[in-house]
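> Take a look at this one; I'll ask things after.
Derivation of every value follows stated rules applied to the coordinates shown; laboratory data play no part. All figures in this text were calculated on a predicted structure; none of them were measured in a lab. In this analysis, Cβ positions are derived from the backbone assuming ideal geometry, glycine residues included, and neighbour counts consider all displayed protein chains.
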Amino acid sequence: MKKIKILSISDHPLSPSGVGTQTRYVLEAALRTGLFEVISLGGAIKHEDYRPSKTEEFGDDWIIFPVDGYGDREAVRGMIATHRPDMLWFMTDPRFWHWLWDIDNEIRKNVPLVYYHVWDNKPYPTFNKKYYESNDKIITISQVTNDIVKNVAPDVDLNHIPHSVNTDVFKRYSEQEILNFKKNSVKPRDMDKFVFFWNNRNARRKQSGSLVYWFKDFLDIVGHDKAMLIMHTDGRDPNGQDLFAIMNELGLEEGQLLLSERKYPQEVLAMMYNMADCTINISDAEGFGLATLESLACETPIIVNMTGGLQEQVTDGEKMFGIGLEPTSKAIIGSQDVPFIYEDRLSKEVVVDALLKMYNMGKDARMSLGKDGRGHVMKNYNFEDFNKKWIDELLQVHEKYGSWTNRKNYKSWKIQEI
């Protein structure tokens with residue numbers, strides 16, 4: 001039987017980014033059915049080698065071509081002409097795909113477009129309507145994004161599949177395993193400290209510098225020998241702040257703040273969440289926020305800004321799985337590509353109070369939040385449902401829209417009364 005061929009474009013699917021990780025999960029779920037094969041354009045990282053690669057598990061069924069950025073029109077045209085895929089699947093912020101939608105008629109006459117979409121916040125981005133309508137299928141990662149697409153482009157074929165994590169890896173480990181990992185990760189003087197963990201890109205919207213300044217204010221209250229903040233990020237990311245300079249300026253070089261800059265496999269990251277007492281994300285805009293979901297899967301509670309996909313992680317509407325912080329202010333910020341969008345900003349007082357509340361909560365209360373949080377993940381974000389939903393969607397797209405000789409339900413023109 002001829003396999004259904006997917007052309008994917010995203011972050012490199014073997015990279016540790018959130019987009020890369022979710023892409024890999026989707027494609028591996030499809031490949032393991034034996035019904036699909038995949039050609040991937042893997043971008044968003046600096047490549048040392050541009051030769052195509054294969055994975056040991058899937059061999060010729062999955063070929064990854066490294067590209068700069070996310071590729072370009074000619075790369076896509078070449079892939080479609082050479083490999084004749086049955087659908088084109090792509091993911092991440094719409095700002096990166098205007099060039100692709102500019103040639104949607106050229107692509108869609110033969111191949112349906114399937115877009116895994118993220119958008120962080122309201123007001124409804126009416127400027128995205130033409131882009132949304134350039135796809136055959138949109139899958140959204142959060143309830144916020146789903147509501148946005150439904151209102152901006154109500155005629156688009158739409159479904160919602162939230163991100164997921166591998167709960168066989170991201171889980172609670174034994175106290176002895178956690179203790180051994182901590183001994184190998186921090187200095188003896190820091191073993192008894194309360195550990196806050198932050199795992200994000202050091203970028204402007206992540207509010208990394210604000211967090212460091214406010215964490216210092218928290219330490220001034222509880223004592224600089226009582227807690228530490230581990231930030232798993234690039235301390236000098238060109239898209240963010242020089243965290244080493246801030247650390248030096250604030251005198252946080254005696255174990256109060258640790259910067260973890262190495263790329264680690266998921267198993268090590270899982271142990272870092274286990275070692276932590278709490279994971280933090282105070283971004284002013286966050287489509288989903290995969291790190292906090294990974295933390296909850298490891299039974300470690302979270303402190304988050306109630307923005308984007310973070311708000312549906314910290315609560316199911318009844319229980320809380322950490323501390324959710326309502327934005328102190330909502331500022332309309334825009335650019336040439338995004339004329340208007342809210343940035344949900346927090347104040348120092350709100351964040352410091354949350355740190356104090358989590359610190360003073362007591363271990364049993366934190367563990368109870370964490371256990372409930374894993375239950376929330378297993379019920380609403382589990383890996384099995386994620387894989388099944390994606391396989392069903394990809395099969396339905398192939399059946400409903402076809403490709404090449406049996407392309408269906410697409411017209412390159414429309415009749416409009418003027």
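> For Lys109, what is the net charge nearby, where nearby means another residue's Cβ is under 11 Å from its Cβ and Lys, Arg count +1, Asp, Glu -1? Intermediate results must be reported in sequence, preceding the final value.
Values: positive: Arg108, Arg407, Lys411; negative: Asp104, Glu106.
My count for the surroundings of Lys109 gives +1.
> Equivalent ellipsoid semi-axes for region 89-155, as square roots of 5 times the alpha carbon gyration tensor eigenvalues: give them largest first, rounded to whole Å.
They are 20, 11, 11 Å, listed largest first.
> Determine which lysines satisfy two conditions relative to Lys411: a Cα distance under 27 Å, and not lying fewer than 8 residues away in the same chain.
Candidates past the 8-residue exclusion: Lys2, Lys3, Lys5, Lys109, Lys129, Lys130, Lys137, Lys150, Lys400.
> How about region 1-106: which GluC sites (Glu not before Pro) there are in a DSSP loop, with at most 10 other Cβ atoms within 10 Å of their Cβ?
Glu48, Glu56, Glu57
> For region 317-365, what does the convex hull of the Cα positions come to per residue, in cubic angstrom?
Dividing the Cα hull volume of region 317-365 by its residue count gives 108 Å³.
> Angle check, please: helix 143-152 long axis (alpha carbons) against the longest principal axis of the chain (alpha carbons), in degrees 0 to 90, nearest 10.
40 degrees
> Would you work out which of Ile341, Val377, Ile221 lies farthest towards the positive end of the dipole of region 175-380? Charges go on Cβ: Lys and Arg +1, Asp and Glu -1.
Comparing the listed Cα positions along the dipole, Val377 ranks first.
> If the convex hull of the alpha-carbon atoms of region 342-418 is projected onto planes in all directions, what is the mean projected area in square nanometres?
Numbers: hull surface 46.1 nm².
The Cα convex hull of region 342-418, projected and averaged over all directions, gives 11.5 nm².
> List Ser329, Ser10, Ser347, Ser134 from most exposed to least, where exposure is judged by having the fewest other Cβ atoms within 10 Å.
Ascending Cβ contact count within 10 Å gives the list Ser329, Ser347, Ser134, Ser10.
> Quick one: Karplus J couplings for region 110-124, per residue in order, coefficients 6.51, -1.76, 1.60, θ = phi - 60°, nearest Hz, x for Gly and Pro?
Computed from phi, the couplings for region 110-124 are 10, 9, x, 9, 10, 10, 8, 10, 10, 9, 7, 6, 7, x, 3 Hz.
> Would you grab the residues whose amide H sits under 5 Å from the one on Thr140? Only those 5+ places off in sequence or on another chain, please, with H modelled 1.01 Å from N.
Correct list: His117, Asn159, His160, Ile161.
> In addition: May I ask you to evaluate 6.51 cos²θ - 1.76 cosθ + 1.60, the Karplus curve with θ = phi - 60°, for each residue of region 328-339 and list the ³J(HN,Hα) values in order in whole Hz, giving x for glycine and proline?
Whole-Hz 3J(HN,Hα) from phi for region 328-339: 6, 8, 10, 9, 7, 10, x, 8, 5, 7, 10, x.
> Still on this structure, please answer the following. Net charge within 10 Å of Pro66 by Cβ-Cβ distance, Lys/Arg positive one each and Asp/Glu negative one each, not counting Pro66 itself?
After counting each charged neighbour, the total is -1.
> Okay, next question. Tell me the trypsin sites (Lys or Arg not before Pro) within region 36-115 that lie in a loop according to DSSP and have at most 13 other beta-carbon atoms within 10 Å. Could you put the intermediate results ahead of the total?
Values: sites: Lys46, Lys54, Arg73, Arg77, Arg95, Arg108, Lys109; in loops: Lys46, Lys109.
Within region 36-115, the qualifying trypsin sites (Lys or Arg not before Pro) (loop, at most 13 other Cβ atoms within 10 Å) are Lys46, Lys109.
> When we measure straight from the Cα of Lys216, which aspartates and glutamates land under 17 angstrom away, once same-chain ones fewer than 8 places off are left out?
Straight-line reach from Lys216, under 17 Å: Asp190, Asp225, Asp242, Glu249, Glu253, Glu254, Glu349, Asp353.
> Also: Can you list which of the GluC sites (Glu not before Pro) found in region 177-284 are DSSP loop residues with at most 14 other C-beta atoms within 10 Å?
Glu253, Glu254, Glu261
> Counting other beta carbons within 10 Å of each residue's own, what order do Leu229, Leu296, Leu179 fall into, fewest first?
Leu179, Leu229, Leu296
> Cross-link partners among lysines for Lys183, C-alpha distance below 19 Å, same-chain residues fewer than 8 apart left out?
Lys183 reaches Lys193, Lys226.
> So, one more: I need the per residue convex hull volume for region 175-380, using only the alpha carbons, in cubic angstrom as a whole number.
So the per-residue Cα hull volume is 128 Å³.
> Also, I was wondering about something else. Ranked by Cβ crowding within 10 angstrom, fewest neighbours first, how are Ile141, Ile230, Ile221 ordered? Don't skip to the answer; put the middle values down first.
Numbers: Ile141 24, Ile230 21, Ile221 11.
Ordered by Cβ neighbours within 10 Å, fewest first: Ile221, Ile230, Ile141.
> Here's another thing I want to ask about it. Along each of the three principal axes of the Cα atoms of region 128-226, give the extent in whole Å, ordering the values from largest to smallest.
60, 34, 18
> Taking K and R as +1 and D and E as -1, what net charge do the other residues with C-beta under 14 Å from the C-beta of Ala331 add up to?
Neighbourhood net charge equals +1.
> For region 1-100, what is the convex hull volume of its Cα atoms per residue in Å³?
Details: hull volume 9.8 nm³, N = 100.
In region 1-100, the Cα convex hull volume per residue is 98 Å³.
> Can I ask one more? About the Cα centre, and with charges only on the beta carbon of Lys, Arg (+1) and Asp, Glu (-1), how big is the dipole of region 175-380? Nearest 20 debye, please. If you can, show how the numbers build up before the last one.
Numbers: 24 positive and 31 negative charges, 49 e Å.
Using Cβ point charges on Lys, Arg, Asp and Glu, region 175-380 gives about 240 debye.
> Sticking with this structure for a sec: Under unit Cβ charges (Lys, Arg +1; Asp, Glu -1), what dipole magnitude, rounded to 20 debye, does region 172-288 have relative to its Cα centre?
Magnitude of the dipole: close to 240 debye.
> At 20 °C and 1.002 mPa s, grab the translational diffusion coefficient of the chain from Stokes-Einstein with a Kirkwood Rh over Cα pairs, rounded to a whole number in µm² per second. Spell out each step's value before the answer.
Details: Rh = 22.6 Å.
Translational diffusion coefficient: 95 µm²/s.
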